[in-house]
Structure formats: C-alpha cells, structure tokens
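The values are calculated or read from the model by the stated rules, or taken from the named source; none is laboratory data. What you are looking at is a predicted structure, and each value in this text was computed from that prediction instead of being measured. Neighbour counts run over all protein chains shown; Cβ positions are idealised from the backbone, glycine included. Heads up: the accessible areas ignore ligands, DNA and RNA and are worked out on the full protein's heavy atoms, side chains in. Shrake-Rupley method; radii C 1.70, N 1.55, O 1.52, S 1.80 Å.
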Amino acid sequence: MFAGVTLFVVSQAVLTPALIVFGDERRPSVLAGVVLASICLACIPLAVSVAFELAFAYRRREWSLFGVAPARRIASSVAIFLGLALVALFVSAAANALFDIKQPTEDDLFGGSTGYELFVAASAIVFAPWIEEVSIRGFLLGGLARRFGFWIGAAASAALWAGAHFEVFVLVLFTLWGILLAWLRRRTGSLLPGVALHGTWNTLVTVLNQPWWMGVIFWALLAGTVVVAARRMPEPVTFVDPPDEPTTEPPPNPPDTELTRRFPAPAVMGVINVTPDSFSDGGQFLGPDAAIAHGLELAARGADLIDIGGESTRPGSDPVSLEEELQRVLPAIRGLVERTDVPISIDTMKAEVARQAIEAGASFVNDVSALRHDPEMAAVVAAAGVPLCLMHMQGTPKTMQDHPRYADVVGEVAEFLLERAHYAESRGIRRELICIDPGIGFGKTMEHNLVLLHELDSLVRLGYPVLIAVSRKRFIEKITGRADSERLAGTIAANLAAHDRGAWMFRVHDVGPAREALDVAAAVRGARR
C-alpha cells in the first residue's frame, strides 16, 4: 500500500506543477511540448520499477516491468523516486528557457498551444494509465484486498482514485469505473488489460478535445508499451484471496489427490546432486556412474522418488549453462530409468532441461522458481502431463540470503504458493498433479524456517500436497552446531515435526533413516485415530 500511495502521489507532484506552469500561464511550442511529453513518458519505466522495489524491498524480486535495475533498499528507492521528480521539474524548466515559451495568442489551438496539447495528450493516454493502474489497481488494491477482502479493497481504492481527480461530479462515475478495472485485474490476473482500457478511454476523451492525430499517436505508443510489457512479463499474477487464518483445529492429513495416491504419505524423495558445488554432497556424484550407483542405493533404501539436479541452488550459487546442465543430468536419468522402477524427478528451472529429461524418462518436475524463471516451463509440464512441485524462494539462489525479510512469513509464503498454483492451473497443469514446497532455507532466516515448520498446517490447508526439504540445511547447524554431514538427527527431527503437521513428501539425502523414522511416525499417528 505504501508503494501504491507513494507512486500515485509523486506522479501527481510531477505532473501538477508542469500543468500549472505550462497550462495556465504559458503555452509551449510544438518542440517544447514534444520534449516535455518525452520526459513524461520516460518517467514510466523508472518510476514503475522503483515502485516494485518499494513494494518488495529486501525480497529480491529480480525483475521489473522494463528491465530497469531496481534499487536495493527502501531508502535508496525513495531517494531515486524523489530524485526522479526533481530531475523532471529541472528539465522542464530548462526546456522552458531553451525554447522561449511564450504567452498564448489568438492562434492558439483549443485555448492552448499545440505543444501544450501534446503534453496533455501524452500524460492522459500513456503516463496516467500506466502509473495509475500500477499504483491503484496494482499495489494499493493488492494491499487492501489482503486485509479486507477483494470487494472492499476494490471500492476503497477506486474511491481514492476518483477523489484524486478533484471533480465532484465524476466521483461516483470514476468509483464505479475503478471497481470495473479492479474486477478486470482480478479476472485476467494482469494489469495490462486495465492499462489498455484506461488508456483507450482517455484517448476517446482526448480526441474530443484535441486534434485527432494526437490521440492516434499516443494510443499507438500506449499499445506498444503494453505489448513490450506482455513480452517482458511472460506470466500474469493470479489474484488470490488471502489464506485462511491459523486455527486451533488438529493438523490435517495430506489432501487426497492423484499425486498423493501415486505416492502415499509419508513419501520420501531421495536427492542426487550431479553438481560440483551443492552445499552438502557437491562433487560426490558428478560422474554418471557415481550418480547411477547412488540412485540405485536410494531406491534400495526405500525412496519413492529420486530427484536429480544438475544446477546448484545453494545460497550464493551461480547459474550454469543449458548445455552443462543437460550433460550432467541426462546420463544419470537414462541410466536409472534402465535399472530401477522408482520414478525419477528432474530438479531444474529450465524448460528445455525439463523437456529433455522427460524424454529421457523423468516423470516429475521440481521447479524451485515456481515457473517464474522460464516462461516455457508451464507449457512443457502441461504437455507432458507430469506432476509439478512449486517452491517459494525470495529472489534467486545468488541473492536469496541477502537480508531476507517478511511482515508475515507464513501468510506471504502461503499467498505466493497459492498464486503460483493457480497460475499453473491456468496454463493447463492439472491441480491433481501439483504440490507445493515452502522453500525452507531459500530466502529465509533460521527464525523464518522454524515458524514455517511450526505453522506448516496452514500451508497444508491450502489444499495442495506439501513437500518438505530440510535435509542437512544450515538452520539445523545453528541449532545443533553440527557440520552438514552430521545433521541426520536434526533432519529427522524436523521431518517428524513436519509430518505431524500434515506434510506429505520429504526430500532427503539419507533415505534409509528417514524412511524408517517416518514409517514409525505414521504408524503412531494412525494408532492415535
């Protein structure tokens, strides 16, 4: 909400002085109007990208609408945003002096010069729809809806937007118009239809008051920005209702889906990292023969699924090329498919790796980016009809442990996973084949990890099977003081706590002890009923 209000208020602070100076007292020439309009439009990508950083400060959301590098702290974000306003005003003043803007004459068009009308048209058709939709229907609506529900948030944000136009007679009309745009945002999962509709309406109004060619030019610019944004943001964000509040009810069992019937709880996923730099077993199974031998051992010890990954996602790790990842994982997958009936999972963020792994025999996709890294991943999974695991992670493996922060870690993780699951379903992936992973250790402090495990039943109640991956992770070392190879007891304890709160599958390095511990825990839990 802070980001939405800030973006809207600052945008008005940028436009209002310019409109007063160049509208009421002076009339810029055509050249000056083009310069001022260009300044106005150039503010959009920087303002929007900084606003995203304001909303997601410390979360390392590594993207922005137009690829502008985001700031890294709230203070620097505000400084950039306010600096943007000062720069715009300074350049406007310089343009005023440079082009010798004169008083209006009788030849002025529609009460103002053509230059002034150009500036107004650019502001109304391109600048206002983008800034207002992102701030009002994006951040502000999202924040209000999380706290008070969608329709209250839609009405409140629309009324604020309508009131900011300072015209009483349009208050009711614009409030209703704002609610309609909010509904469109929720229905489509994207701001882009609202931007296009908002800009088209402003184009019609502009054509009624200014020359028609201005409306055509700036509407074409608006359409171009929408197309560019659609290509740079390959997936929409599905608008979801806030997860239910934690209850005092007994922890639920894993939901009854096709996935949980294929792999009855408690299911065990064995890990093979075919990498030189994974945090625990990097380099141990880099060669195909070693990986295949280890996979057969995991199968013999009771693994229900074997997860093979060729790119380390430990904190601070760098990505590897597509070719390198394929060379690492494909021989191991083919070798294990020939030698065991235990299903193989591919742990990757790349759609092409997933596609070739499935062709080689993998039958499960584990995407730690939750379909955000590669826009083609959803299509690959949907076409293959294989199960998919969606994991929560703040930022990327390279940056995720740089000061992770949450206002409500359980609520934010739950909302993220619910949104990603809904998005996956919208792309043709069956709900019955989707599971979720809270991403223990991925952009979280030890306290975040412990709270997520303690309140794991809140995630189970979302209705998707929950996979837990705590094996040998660093938060266990902070509690026990044990090195990564000595964290078996801590891993088992964390898994048992998660099992008692409704977790379904457990991703582990030490399959044998985990299998035995979980089987005993399941027997005890069943006896209590």
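Structure data summary
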{"item": "Listed peptides 249-262, 361-374, 344-357 by packing density, highest first (mean Cβ within 10 Å)", "result": "344-357, 361-374, 249-262"}
{"item": "Net lengthening on full extension, L208/E376 (0.36 nm per residue, minus Cα-Cα)", "result": "56.2 nm"}
{"item": "Burial ranking of peptide ranges 152-162, 375-385 (average Cβ count within 10 Å, highest at the top)", "result": "152-162, 375-385"}
{"item": "Segment 378-529 shape via C-alpha gyration tensor axes, a/c threshold 1.5", "result": "oblate"}
{"item": "Ranked by how many other beta carbons lie within 10 Å on average, peptides 484-492, 191-199 from highest", "result": "191-199, 484-492"}
{"item": "Gain upon complete extension [L180, E249; 0.36 nm per residue less C-alpha separation]", "result": "21.0 nm"}
{"item": "Local electrostatic count at S471 - Lys and Arg +1, Asp and Glu -1, tallied over other residues with Cβ under 9 Å", "result": "+3"}
{"item": "Förster radius 60 Å - calculated FRET efficiency between T200 and S321 (Cβ-Cβ, nearest 0.05)", "result": "0.90"}
{"item": "Amide H partners (placed H, <5 Å) of A370, local residues excluded", "result": "M391"}
{"item": "All Cα pairs of segment 405-474, percent lying beyond 14 Å", "result": "58 percent"}
{"item": "Phi to ³J(HN,Hα) by Karplus 6.51 cos²θ - 1.76 cosθ + 1.60 over segment 114-125, Hz, x for Gly, Pro", "result": "4, x, 5, 5, 4, 4, 5, 5, 4, 5, 6, 8"}
{"item": "Values of log10 I(q)/I(0), in the order q = 0.15, 0.17, 0.23, 0.29 Å⁻¹, for segment 173-227 under a Debye, Cα-only, solvent-free model", "result": "-0.47, -0.58, -0.88, -1.06"}
{"item": "Point-to-point label distance, E477-I152, nm (Cα→Cβ direction, 7 Å offset)", "result": "4.5 nm"}
{"item": "Under-5 Å amide H pairs with D307, H placed in peptide plane, nonlocal only", "result": "G270, V271, I272, S345"}
{"item": "Heavy atoms of C40: accessible area, 1.4 Å probe, square angstrom to 10", "result": "10 Å²"}
{"item": "In nm, spacing of pseudo-spin labels at R525 and E425 (7 Å Cα→C-beta vector)", "result": "2.4 nm"}
{"item": "Whole-percent carbon and sulfur share, accessible surface of segment 401-529, 1.4 Å", "result": "52 percent"}
